[in-house]
Amino acid sequence: MSVHTEHTATPLYFDEIRERVLTRLTTFLTGKRDAAAGRGLVPEIPEMIRGFVTAGGKRLRPMLCSAGWRSAGGAGLPDVVVDVAAALEMYQTFALIHDDVIDGSATRRSQPTVHRSIAARYPQVYDERRFGEAAAILIGDMALMWSTELLTSAALPAGCRSAVRALVDTMREEMHYGQYLDLFTSLGSVDDHRTPMTVIRYKTAKYTVERPLQLGALLAGADAAHLDLLSRFALPLGDAFQLRDDLLGLFGNSSTTGKPVFDDLREGKHTVLLALAAQRADTAGRALLERHLGDPALTEQDAIRVMDVIEGTRAPVIVEDMIADRHAEALAVLDTSSLPAEVTAELRLIGALLVERDS
């Protein structure tokens, strides 16, 4: 199955926010490493986080935060926007490290996950897997604390300080509730698509798109009406983003996604894609899906058979239509807004970057 992509030149400030956030994080983590060494502590935690951050990543939340800033009339790219964006990226680092432990993932960003890397580094321990997972949980916890430090040390404007901190707290709660619900989807029926859609809304649409946009806008003094406008644009776009991710999880190229194909099947992820396939499969096809979903020893041959069943139900085509519908819904919000033309153009480009992608 092919994925439609569109290669469009991005505004220079997208590159600038990515570069400045990376610089902010690497400088921060280098300082943490040096401070640890100076106190006689093992500098492995900041080193591991620094390696994770510099290994790649789309920097979507920083990009969206800066776009939200500009949407509300913010000019340039002041340090406070970079600091808040860096806090978002550090929080994402925490979330991904823990997510990989939960899913038992072997690779992230084309490199061993943190828990796998730690396990390989200390083969002398009695239980390498458990040791690596325990260490990764603690490393992720530190990233969570440092995301808070980055936020609280930012020079937030006095007029929006409490609102920004409250919105960050809300974002974190929503993401954790979504993650927790995601954990329990495997206990439900494979043909249930409503629960995975709820997971998408809280774990991705709000966390990845809506809240970063709103945080940037708050920094520029946005009012409630502007935040609502961004929400109506962001939520369907965030849904489409995750639906694309679900397709890439099975039909993507691991060299571009950074994760092995078939991981979602081995981890037993109950996605909207799989639910739609289960609803439409014949008896034998559904039995095949249920037999192999969540099988950690799933072979490539059996995975291909599962994918053949999924494609035979036309579930991927239905998901593509869902993506297109939600993308169109987001763009329709911009069509009826009074945002400046240049802001609308940039938000349209963000929509394309999130939906029309192969990684």
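As for the stretch 206-213, it holds no residue that is crowded, with 24+ Cβ neighbours inside 10 Å and farther than 20 Å from Pro236 by Cα. Within the stretch 86-108, residues that are within 20 Å of Phe14 (Cβ to Cβ) and of a type in the set (Asp, Glu) sit with their Cβ atoms under 6 Å from residues that are at pLDDT 95 or above and crowded, with 23+ Cβ neighbours inside 10 Å, at 6+ positions apart or across chains, in these pairs: Glu89/Val21; Glu89/Pro62.
Output the residues belonging to the stretch 27-43 that are in a helix (DSSP H, G or I) and out of contact with any helix residue (DSSP H, G or I) (no Cβ under 8 Å at 6 or more places or on another chain). Steps first, answer last, please.
Pass one, the stretch 27-43, residues in a helix (DSSP H, G or I): 27-38.
Once the filter is applied, which keeps residues that are in a helix (DSSP H, G or I) and out of contact with any helix residue (DSSP H, G or I) (no Cβ under 8 Å at 6 or more places or on another chain), the stretch 27-43 yields Thr27, Gly31, Asp34, Ala35, Ala37, Gly38.
Filtering the stretch 292-304 to residues that are crowded, with 16+ Cβ neighbours inside 10 Å and either touching a Cys at 6+ places or on another chain (Cβ under 9 Å) or in a helix (DSSP H, G or I) (or both) leaves His292, Asp302, Ala303.
Asp264 fulfils the conditions (1) in contact with an Asp or Glu (Cβ under 8 Å, 6 or more places away or on another chain); (2) without any contact (Cβ under 8 Å) to a residue 24 or more places away in the chain; (3) of a type in the set (Asp, Glu); (4) surrounded by fewer than 19 Cβ atoms within 10 Å (Cβ to Cβ) except for a single criterion, (4).
Inspect the stretch 48-60 for any residue being over 22 Å from Arg357 (Cα atoms) and either at pLDDT below 95 or among the aliphatic types (A, V, I, L, M) (or both) and give the result as yes or no. Full working, then the answer.
Step one: of the stretch 48-60, the residues over 22 Å from Arg357 (Cα atoms) are 48-52.
Applying the additional criterion that residues be either at pLDDT below 95 or among the aliphatic types (A, V, I, L, M) (or both) yields 48-49.
The answer is yes; a qualifying residue exists.
When Met145, Met175 are screened for being assigned by TED's automatic domain parsing to the domain that holds Thr283 and of a type in the set (A, V, I, L, M, F, W, C), only Met175 passes.
Against the condition assigned by TED's automatic domain parsing to the domain that holds Leu151, part of a helix (DSSP H, G or I) and under 28 Å from Ala136 (Cα atoms), how does Phe14 come out, does it pass? So that I can check it myself, show each step before the final result.
Numbers: assigned by TED's automatic domain parsing to the domain that holds Leu151: yes; part of a helix (DSSP H, G or I): yes; under 28 Å from Ala136 (Cα atoms): no.
The answer is no for Phe14.
Out of the residues in the stretch 173-212 meeting the condition of being out of contact with any helix residue (DSSP H, G or I) (no Cβ under 6 Å at 6 or more places or on another chain) and among the aromatic types (Phe, Trp, Tyr), tell me which one is nearest to Leu293 (Cα to Cα). Among those that are out of contact with any helix residue (DSSP H, G or I) (no Cβ under 6 Å at 6 or more places or on another chain) and among the aromatic types (Phe, Trp, Tyr), it is Phe184.
From the residues in the stretch 268-287 that are outside any loop (DSSP other than H, G, I, E, B) and surrounded by fewer than 18 Cβ atoms within 10 Å (Cβ to Cβ), which one is nearest to the chain's Cα centre (by Cα)?
Residues of the stretch 268-287 outside any loop (DSSP other than H, G, I, E, B): 272-280, 283-287.
With surrounded by fewer than 18 Cβ atoms within 10 Å (Cβ to Cβ) added as a condition, the list becomes 279-280, 283-284, 287.
Details: Gln279: 27, Arg280: 29, Thr283: 35, Ala284: 34, Ala287: 31 Å.
Taking the candidates together, the pick is Gln279.
Taking the stretch 324-341 as the region of interest, how many residues are assigned to a helix (DSSP H, G or I), among the small types (Gly, Ala, Ser) and at pLDDT below 95? Total satisfying the criteria: 1.
The values are calculated or read from the model by the stated rules, or taken from the named source; none is laboratory data. None of the values given here were measured: they were computed from a predicted structure. Neighbour counts are summed over all protein chains in view; Cβ atoms, including those assigned to glycine, are modelled from backbone coordinates with ideal geometry.
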